[in-house]
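No value in this document is a laboratory result; all are computed from the given coordinates. Fair warning: this is a prediction, and the values are worked out from it, not measured in the lab. Every residue, glycine among them, receives a Cβ derived from its backbone with ideal geometry; neighbour counts consider all protein chains shown.
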Amino acid sequence: MATKELVRMENVWVYNDGIPVLEDINLSIESKDFLGIIGPNGGGKTTLLKVILGLIKPNRGRVTVLGMPPERGRKYIGYISQFNLFDHDFPISVLEVVLMGRYNKSGLFHRYREEDREAAITALKTVDMLGYKDRQVGRLSGGEQQRVFIARALVTNPRLLLLDEPTASIDPNMQAEFYELLDRLKEDMAIVLVSHDISAVSIYVSEIACLNHQLFYHGSKEVSAEELEKAYHCPIQLIAHGTVPHRVLREH
């Protein structure tokens with residue numbers, strides 16, 4: 001497929017019990033974009049990702065994924081949810097978790113084929129976790145588990161990777177390694193990263209959008225305090241790290 005535009009959202013509205021969660025969203029995601037989405041809790045970030053995946057249908061507006069309805073186009077999307085809740089004592093290996101990503105190709109009650117196992121091995125190599133393939137996934141650290149979940153998302157060779165707060169359960173010392181992994185992956189696919197870590201996002205992504213029911217997006221990763229205040233609806237403190245750390249605090 002040679003399509004450059006992967007996702008198009010036009011005038012998208014989503015309501016929950018009559019209250020707007022997303023208001024008139026217009027967004028285009030193209031091949032090899034690395035978009036960071038920031039915004040307050042409850043601002044609609046997870047809802048936006050679920051609309052792209054076709055898990056939530058807009059009340060108004062139009063969404064396409066590679067020119068198709070999201071329900072058909074989502075097979076080209078890898079998704080890492082905000083919370084990966086599972087029984088850490090359940091005896092399932094890293095390789096078996098990654099193979100789960102091939103269900104849509106093998107079928108839930110079919111045996112995995114050799115090509116499925118080869119794809120899983122390749123995905124584990126990509127995230128530097130092949131040496132852990134026989135380990136019980138519940139015994140891994142949070143950062144290691146997230147790498148496994150990314151491998152599960154990569155096993156179908158997605159065109160777009162959606163990540164919802166992927167570093168929430170990762171030790172701060174491992175977050176830099178995680179972002180560097182995403183920096184490598186962006187060479188082969190588009191990435192949309194939802195995060196509260198504005199400083200890390202601003203380093204690695206190519207574009208930033210602020211979402212608080214409405215989308216504040218201007219096609220770059222330079223975001224001013226005024227734009228953040230518009231999205232967060234409150235005064236914003238910016239801390240800049242450099243040779244001489246300083247902060248800009250506007251009067252409340």
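Remarks
- Contour minus Cα-Cα distance for R117 and E177 (0.36 nm per residue): 19.0 nm
- Shape of region 129-186, Cα gyration tensor, a/c cut at 1.5: oblate
- Full-extension gain in nm, Y15 to K75, via 0.36 nm per residue minus C-alpha separation: 19.0 nm
- Beyond 18 Å in Cα-Cα separation lie the following of the pairs K4/K186; K50/K133; K133/K186; K50/K125: K50/K133; K133/K186; K50/K125.
- Between the amide H of Y79 and those of L162, distances stay under 5 Å, these residues lying 5 or more places away or on another chain, with hydrogens modeled in the peptide plane.
- Loop-located trypsin sites (Lys or Arg not before Pro) across region 1-99 with a Cβ neighbour count of 11 or fewer within 10 Å are K4, with loop assigned by DSSP.
- Burial order of peptide ranges 134-142, 154-162 (average beta-carbon count within 10 Å, highest first): 154-162, 134-142
- Added length on full extension, which subtracts the Cα-Cα distance from 0.36 nm per residue, R135 to D188: 16.3 nm
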